[in-house]
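*Asks:* Pasting a structure here, questions to come.
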Amino acid sequence: MKKIIYSFTLTVFLALLSPMLLSQSNPEYKIEPGKGFKDCMIGDSSDDIITKFGTPDKNDGSYIDFHYKGFEVAVRNGKVSTIFLMYRSKTFMTFDGVTDKKIGFTSTIPEVMRLYGKPSRIGNSIVSEYGTFPGAHEYYLEYNHLGIAFTFYDNELADIRVCEASEK
């Protein structure tokens, strides 16, 4: 009887896990540093983003949130200035995409540094009681010259931010 319960539990676990693993091996979107992803690019108008993705969950003029798609955009002068791709959040679904170097949901800090090199800036702090994950260890890797940054909470990828690349 224990073998049957174990086999059933293992089968259910694998059935639930397989879509996530498949999604990681074949993500919907490819993230391009300094640019964005197929349907959302730096410089797109806020109207274009809403036309492509439908009614946002939030639009206060400065930020447009698409919780069900796992991303948010910051808007300046009616144009997308920063794209926030969420991987761990209490309000957003997990973004289904990886970078041009295959950084995504399961990626690690050493992997990002190995693939992208030395960051322009490293942040290392504890999330305040007012943050999304209070008490979490936040590690931030910023690559200004590429137009991409990575935030990790307790060594797990929390978000990827894409903005216009700056001069070295």
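*Asks:* Of the residues in region 53-107, how many are assigned to a strand (DSSP E or B) and either over 19 Å from residue 35 (Cβ atoms) or small (Gly, Ala, Ser) (or both)?
*Replies:* The number of residues fulfilling the criteria is 7.
*Asks:* Restricted to region 129-142, and to residues that are closer than 17 Å to residue 88 by Cβ and part of a loop (DSSP other than H, G, I, E, B), which residue is least open to solvent (accessible area, probe 1.4 Å)?
*Replies:* Checked region 129-142; the qualifying residue least open to solvent (accessible area, probe 1.4 Å) is 136.
*Asks:* One residue is enough: does region 143-160 have a residue meeting the conditions among the β-branched types (Val, Ile, Thr) and open to solvent by 50 Å² or more (accessible area, probe 1.4 Å)?
*Replies:* No, that holds for no residue.
*Asks:* In addition: Filter region 83-95 for residues that are within 13 Å of residue 151 (Cβ to Cβ) and either out of contact with any Gly (no Cβ under 7 Å at 6 or more places or on another chain) or surrounded by fewer than 18 Cβ atoms within 10 Å (Cβ to Cβ) (or both) and give the result.
*Replies:* 84, 87, 88, 89
*Asks:* Continuing with the same structure: Restricting region 118-128 to residues that are among the aliphatic types (A, V, I, L, M) and open to solvent by 70 Å² or more (accessible area, probe 1.4 Å), which is modelled with the lowest pLDDT?
*Replies:* Going through the qualifying residues, I end up with 126.
*Asks:* Continuing with this model, one more query. What are the pairs, 6+ residues apart or on separate chains, where a residue within region 92-117 that is among the charged types (D, E, K, R) has its Cβ under 8 Å from a residue that is buried (at least 21 other Cβ atoms within 10 Å of the Cβ) and not in a loop (DSSP other than H, G, I, E, B)?
*Replies:* 100/31
*Asks:* I'd like the full set of residues that are acidic (Asp, Glu), out of contact with any Asp or Glu (no Cβ under 7 Å at 6 or more places or on another chain) and at pLDDT below 95, limited to region 1-46.
*Replies:* 39
The values are calculated or read from the model by the stated rules, or taken from the named source; none is laboratory data. None of the values given here were measured: they were computed from a predicted structure. Methodologically, a virtual Cβ is constructed for each residue, glycine included, from the backbone with ideal geometry; neighbour enumeration extends over all protein chains shown. For accessibility, only protein heavy atoms count, side chains too; no ligands or nucleic acids. Shrake-Rupley method; radii C 1.70, N 1.55, O 1.52, S 1.80 Å.
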